Amino acid sequence: MILSDVEISRLMESGRLVVRPFEQSSLTPNGVDLSVGEEAMVMDGPSDGRRVRLEPGVEFELPPVSHVLVLTEEYLELPSDVIGLVNLRSTYARRGLLIPPTVVDAGYRGRLTLAVRGAPYPVMIRRGERVWHLVLAESHPAGRPYSGRYQGSMGLVPAP
């Protein structure tokens, strides 16, 4: 079952779900918007790329048809019975960006490194801009929480 804003608020108030920083305007009827953090990486190959520091208020150009990793501003802690599904907010999809299907496993803790595929033309984003939407859903029965290589990530993490 996909969680409503009411249930998401309850989980956050109880401390079972953590989203930091959190602004009430980021809460949507069925999820939480996530924003661009301070680091991106324009990928030149499967495991290497050009790191870019994103300064507040300064636009960053996603090069045409590029593969870019972007760190989210938000730190997350998901309970062992809640998963997340990350999508682009429709504004960015309409601008031509794409993201691969992205699942945030139950029990994940850390900041997300999200892959974005550039449009056929340059698209600008900036730090703090709400680009993604995290849909939250119950996972029953609660299973084994995530304990993979990205658990506890605080910075941008490319694939090995």
| remark: Computed D for the stretch 87-129, Stokes-Einstein, Kirkwood radius over alpha-carbon pairs, 25 °C, 0.890 mPa s, to the nearest µm² per second, is 204 µm²/s
| message | Debye calculation, C-alpha points only, no solvent: report log10 I(q)/I(0) for the chain at q = 0.18 Å⁻¹, in the same order as the q values. | response | -1.11
| request: Once you've got the GNM for the chain with C-alpha springs shorter than 10 Å, pick whichever of VAL103, VAL86, VAL70 has the biggest mean-square fluctuation. | output: VAL103
| query | Stretched out fully, how many nm does the piece from ILE2 to ARG50 gain, at 0.36 nm a residue minus the Cα gap? | reply | 13.6 nm
| task | Place +1 on the Cβ of every Lys and Arg and -1 on the Cβ of every Asp and Glu in the stretch 57-122, take the dipole about the Cα centre, and give the residue among TYR75, GLY96, THR113 whose Cα lies farthest towards its positive end. | result | GLY96
| message | Placing unit charges on C-beta atoms (Lys and Arg positive, Asp and Glu negative, everything else neutral), compute the dipole magnitude of the chain about its Cα centre in debye, rounded to 20. | response | 260 debye
| request: Working from Cα positions, state the angle (0 to 90°, nearest 10) between the long axis of helix 5-14 and the longest principal axis of the chain. | output: 70 degrees
| Can you give the relative contact order of the stretch 1-113 as a percent, counting alpha carbon pairs under 8 Å and 6+ residues apart? | 26 percent
| Running Debye on the stretch 62-104 with equal point scatterers at the Cα sites and no solvent, what base-10 log of I(q)/I(0) appears at q = 0.28, 0.34 Å⁻¹? | -1.21, -1.32
| Residues listed by number, the stretch 87-124, amide nitrogen under 19 Å from GLU61 label point at 7 Å toward C-beta | 95-98, 116-124
| request: Using θ = phi - 60° and the Karplus relation 6.51 cos²θ - 1.76 cosθ + 1.60, list the HN-Hα couplings for the stretch 91-96 in order, rounded to whole Hz, with x at every Gly or Pro. | output: 4, 7, 5, 5, 7, x
| Which of GLU77, GLU38, GLU23 moves the most in a Gaussian network model of the chain with Cα springs under 10 Å? | GLU23
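Every read-out reported here was derived from the displayed coordinates using simple, explicitly stated rules and does not represent laboratory data. Worth saying up front: this structure is predicted, and the values here are computed from it rather than measured. Virtual Cβ from ideal backbone geometry, glycine too; neighbours counted across all protein chains shown.
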